[in-house]
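A.B. asks: Once you've had a glance at the structure underneath, I'll fire off some questions.
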Amino acid sequence: MTGRHVVTRSALAEGLTGLGIRPGATVIAHTSLSSFGYVVGGAHSVLLALRDTLGPQGTLVMPAFTPQLCHPHTWRAPDLARAAADPDTAAQMPPFDPRRTPVARTMGVLPELLRTQPGTRRSSHPHVSFAAQGPLADGIVRDHPAAWRLAAHGPLGRLWDLDATVLLLGAPWEKCTALHLAEYATAYPGRRAGLWAVPEPDGHGRTRWLEVPELLVWEGDFDGIGAAYEAAGGPLATARVGGALCRAVPLRPLVRFACRRLADHRDLSRAVPPPGWRDVVDAESPLPAGQLGAAHSDSAAKEQTP
């Protein structure tokens, strides 16, 4: 019987260095702790190794999403239907507090650990916030509009501006949040937008819901996009750390490639909107893309990098 890989803090730091991560870098990290094997010290060792590698001038970002705060109308379980239809259920949803609301357990252990560290900053979106630590953290998370939540006018756009690196530490391409930037920048067939409800305190101890325009995003082909990017020879570094396949990829060429891939290969015309959306319509017009919109022009498409 083959034993589990035993991974230490120094082995993790060595692997990150092997991926090309240097002191002062800005990274958005996605991790699968279990993929490493047995990590000595658990999630804390992974976080320490990231900090060891980035140094005091490096900035670490992780998604700190809270889908548990979505409107009850999004609930799918049949036995919850009656409660979901009761307005009082929605009114008693806890409001989002960037300092106190825990990251959803489905996001893994590392984002919640980062959220609780001294000096960590967190963006204000009640469903898809980002946690950041380092000298550039404030600038990354300061502005996060409620509408078009993963577009380039929020934290992902600041990571684009900073030419950040995406780290997939045992995590699949499906978890690569930066790929959502391509969805906002590319009018692929079947792209749709609608009204999405976000919670806010009503000032009297209850929660009210504000509907904002939002894109229906989808991660179902992200693994395919990542595989195609690798096959095309896009800028990428890989390393094995314990049992985990780790990747480091510059955000800009990855998103540019994803824009072209979506335009050529994605068609969601027959997709059915999930529960919780209202007034869903085709989204053929431009959406907030910031500098990314210019980067996805015909001239950018001619660049040699994928």
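A.B. asks: What does the highest-first list of 201-209, 33-41 look like by mean Cβ count within 10 Å? Write down the numbers at each step before the final one.
C.D. replies: Working: 201-209: 12.3, 33-41: 17.6.
Answer by packing, highest mean first, reads 33-41, 201-209.
A.B. asks: Any chance you could list the semi-axes, whole Å, largest first, of the equivalent ellipsoid that the Cα gyration tensor gives for the stretch 181-251, using √(5λ)?
C.D. replies: Taking √(5λ) for each eigenvalue gives 37, 20, 9 Å, largest first.
A.B. asks: What does the convex hull of the alpha-carbon atoms of the stretch 91-150 project to on average, in nm²?
C.D. replies: The orientation-averaged projected area of the Cα hull of the stretch 91-150 comes to 4.6 nm².
A.B. asks: I'd like the per residue volume of the convex hull spanned by the Cα atoms of the stretch 1-107, given in cubic angstrom.
C.D. replies: Enclosed volume per residue, from the Cα hull, is 153 Å³.
A.B. asks: Using the scaling law 2.2 N^0.38 Å as the reference, what is the normalised Cα Rg of the stretch 12-69?
C.D. replies: 1.20
A.B. asks: Then there's this: Would you mind getting the accessible area per residue of the stretch 76-134, heavy atoms of the protein chains only, 1.4 Å probe, in Å²? Mind showing how you got there, number by number?
C.D. replies: On the way: 3290 Å² over 59 residues.
Value returned for the stretch 76-134: 56 Å² of accessible area per residue.
A.B. asks: A follow-up question, please. Order the peptides 52-64, 154-166 from the highest to the lowest mean number of other Cβ atoms within 10 Å of their residues.
C.D. replies: Output ranking for 52-64, 154-166: 154-166, 52-64.
A.B. asks: Ok, one more. Which of rounded, prolate, oblate describes the chain, given a ≥ b ≥ c as roots of the alpha-carbon gyration tensor eigenvalues and a/c under 1.5 marking rounded, otherwise prolate only if a/b is larger than b/c?
C.D. replies: oblate
A.B. asks: Find, among the GluC sites (Glu not before Pro) in the stretch 143-228, those assigned to loop by DSSP (not H, G, I, E, B) with at most 12 other beta-carbon atoms within 10 angstrom.
C.D. replies: Of the GluC sites (Glu not before Pro), not one in the loops of the stretch 143-228 has a Cβ with at most 12 other Cβ atoms within 10 Å.
A.B. asks: With a 10 Å radius around each residue's Cβ, average the other Cβ atoms per peptide and rank 262-269, 278-285, highest first.
C.D. replies: Answer by packing, highest mean first, reads 262-269, 278-285.
A.B. asks: Now for a different question. Across the Cα atoms of the stretch 194-293, what radius of gyration and what greatest pairwise Cα-Cα distance (Dmax) are found, in Å?
C.D. replies: Rg then Dmax for the stretch 194-293, in Å: 18.5, 56.
A.B. asks: Also, I was wondering about something else. Based on DSSP H runs of at least 4 residues, each adding -39500 (n - 2.57), what is the mean residue ellipticity at 222 nm of the chain after dividing by all its residues, to the nearest 500 deg cm²/dmol?
C.D. replies: Numbers: 13 runs with 96 residues, N = 306.
Value at 222 nm, helices only, nearest 500: -8000 deg cm²/dmol.
A.B. asks: How much accessible area per residue does the stretch 162-287 have, in Å², with a 1.4 Å probe?
C.D. replies: Result: 44 Å² of accessible area for each residue.
A.B. asks: Please state the relative contact order of the stretch 153-306 as a whole percent: Cα pairs under 8 Å, 6+ residues apart? The partial results should precede the final answer.
C.D. replies: Working: 231 pairs, mean separation 59.3, N = 154.
This gives 39 percent for the stretch 153-306.
A.B. asks: Short version: what are the Cα gyration tensor semi-axes of the stretch 79-233, square root of 5 times each eigenvalue, largest first, in whole Å?
C.D. replies: Three semi-axes, in Å: 28, 21, 16.
A.B. asks: With the full set of protein chains in place, find how many percent of the accessible area of the stretch 144-210 is carbon and sulfur; take the probe as 1.4 Å.
C.D. replies: 51 percent
A.B. asks: Once R0 is set to 41 Å, what does the formula 1/(1 + (r/R0)^6) return for the Cβ-Cβ distance between S34 and S285, expressed as a FRET efficiency to the nearest 0.05?
C.D. replies: Step by step, r from the Cβ atoms, then E = 0.45.
The values are calculated or read from the model by the stated rules, or taken from the named source; none is laboratory data. Because the structure is a prediction, the values reported are computed rather than measured. So basically every Cβ, Gly included, is an ideal-geometry build from the backbone, and we count neighbours across all protein chains shown. Accessible surface areas use protein heavy atoms only, side chains included; no ligands, DNA or RNA. Shrake-Rupley method; radii C 1.70, N 1.55, O 1.52, S 1.80 Å.
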